[in-house]
């Protein structure tokens, strides 16, 4: 029987292990942490967003420059297949108003338990506290250990949330020209707030359109003591990280002319905060942002309310990002995700050079690339 090694027990690694076990290989999974899929479990604490229910080409476009590299993998294992996979593991699903797909349990742990049980039934061996040292050598609780296998799949993760296992140290095992530099993705941004913003820390800014360069998203974000974060910010964070200025449309359902008409109804002696509240239904958090970033206020407020500039000091540190851009370049891999200069070695998941916003895209691509790498790895030895 041919043997296979998977390095990394996140979603990509576990999916690769399952594919190879189903193909008849004897599979060993090596995980550096004391338990598998720690980042996967952390993601589930706020509701496990498995995928996104939307037309395939719309879904694919979320991957930006890497979309065509990922297309064949996502065509074989896209949103519909992810749903069927999760349901096959006993998870009832629902689709939210935004198209995001979640387990009804809103947790990752029931799905992971069922998945690990299935892998165990397929004969997959999981070794925890095995840290990869390069080649086929590991630091284990019993000392250094070398494994000899017929095929290997690397699923070592990106370079954020090191405490959960993704520290990017694996990149040192590759020539520099095979690695795109790591950059934070889906991250918050630093703002040095004035004192008057303190009372708004932790509050959401709802129903805005965020624009950064060519990226636009309608949603919400959160004001924190350190700056701004949350889904709306993450959707445009790549453009912001790469230098595009951020603006907010605070009244997306009103045109400039409608805003001007309503402001013209201001009564004598009516304060500006009351006018913004009564005439435009602008809540205190949005008003605070206007005062923070736009004083002294212009006579014509409409353009400002439709495109409020939000200066910042750049992204939060790499390790705090939900995900990372950069990693093993696609041109270092063949179409089956085998590393060109390492026959029999494949790669998958966040260690590859792609990025996507939150909303189900990250997990779907990890599963899809893991499955693809596992299938091609099995084909390499069978």
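Within segment 131-142, which residues are part of a strand (DSSP E or B) and out of contact with any strand residue (DSSP E or B) (no Cβ under 9 Å at 6 or more places or on another chain)? Answer for segment 131-142, where residues must be part of a strand (DSSP E or B) and out of contact with any strand residue (DSSP E or B) (no Cβ under 9 Å at 6 or more places or on another chain): just 134.
Check whether at least one residue in segment 338-356 is on the phi > 0 side of the Ramachandran plot and either buried (at least 22 other Cβ atoms within 10 Å of the Cβ) or at pLDDT 95 or above (or both), and report yes or no. Yes, some residue in segment 338-356 is on the phi > 0 side of the Ramachandran plot and either buried (at least 22 other Cβ atoms within 10 Å of the Cβ) or at pLDDT 95 or above (or both).
Entry remark, segment 69-110: residues being in contact (Cβ under 8 Å) with a residue 12 or more places away in the chain and either part of a strand (DSSP E or B) or not assigned by TED's automatic domain parsing to the domain that holds residue 331 (or both) number 6 in total. Restricted to segment 301-331, and to residues there that are over 23 Å from the mean Cα position of the chain (by Cα) and assigned to a helix (DSSP H, G or I), the residue that is surrounded by the fewest Cβ atoms within 10 Å (Cβ to Cβ) is 303.
Of the residues that make up segment 116-123, is at least one in the same structural domain as residue 360 (by TED's automatic domain parsing) and more than 27 Å from residue 5 (Cβ to Cβ)? Checked against the condition, which is being in the same structural domain as residue 360 (by TED's automatic domain parsing) and more than 27 Å from residue 5 (Cβ to Cβ), segment 116-123 yields no hits at all.
Rundown of residues vs (1) surrounded by 12 or more Cβ atoms within 10 Å (Cβ to Cβ); (2) assigned to a helix (DSSP H, G or I); (3) outside the structural domain of residue 215 (by TED's automatic domain parsing), yes/no style:
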| position | (1), (2), (3) |
| --- | --- |
| 257 | no, yes, no |
| 273 | yes, yes, no |
| 277 | yes, yes, no |
| 282 | yes, no, no |
| 286 | yes, yes, no |
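Checking the structure you have, find out if any residue of segment 42-57 is part of a helix (DSSP H, G or I), in contact with a helix residue (DSSP H, G or I) (Cβ under 6 Å, 6 or more places away or on another chain) and surrounded by 19 or more Cβ atoms within 10 Å (Cβ to Cβ). Taking every residue of segment 42-57 in turn, none turns out to be part of a helix (DSSP H, G or I), in contact with a helix residue (DSSP H, G or I) (Cβ under 6 Å, 6 or more places away or on another chain) and surrounded by 19 or more Cβ atoms within 10 Å (Cβ to Cβ).
Output yes when any residue across segment 143-161 is loosely packed, with under 14 Cβ neighbours inside 10 Å, within 21 Å of residue 14 (Cβ to Cβ), without any contact (Cβ under 8 Å) to a residue 60 or more places away in the chain and out of contact with any strand residue (DSSP E or B) (no Cβ under 9 Å at 6 or more places or on another chain), and no when none is. No, every residue in segment 143-161 fails to be loosely packed, with under 14 Cβ neighbours inside 10 Å, within 21 Å of residue 14 (Cβ to Cβ), without any contact (Cβ under 8 Å) to a residue 60 or more places away in the chain and out of contact with any strand residue (DSSP E or B) (no Cβ under 9 Å at 6 or more places or on another chain). I want to confirm something. Restricting to segment 105-117 and keeping residues that are at pLDDT 95 or above and out of contact with any helix residue (DSSP H, G or I) (no Cβ under 7 Å at 6 or more places or on another chain), which single residue is farthest from residue 18 (Cα to Cα)? Of everything passing the filter in segment 105-117, 110 is farthest from residue 18 (Cα to Cα).
Taking the condition modelled with pLDDT under 95 and either within 26 Å of residue 1 (Cβ to Cβ) or buried (at least 19 other Cβ atoms within 10 Å of the Cβ) (or both), does residue 136 pass? Taking the combined requirement at face value, the residue satisfies it. Of the residues making up segment 168-221, just one is assigned by TED's automatic domain parsing to the domain that holds residue 324, without any contact (Cβ under 8 Å) to a residue 24 or more places away in the chain and outside any helix (DSSP H, G or I), namely 175.
The values are calculated or read from the model by the stated rules, or taken from the named source; none is laboratory data. Small disclaimer: the values here were computed from a predicted structure and weren't measured. Note: ideal-geometry Cβ built from the backbone for every residue, glycine included; neighbour counts use all protein chains shown.
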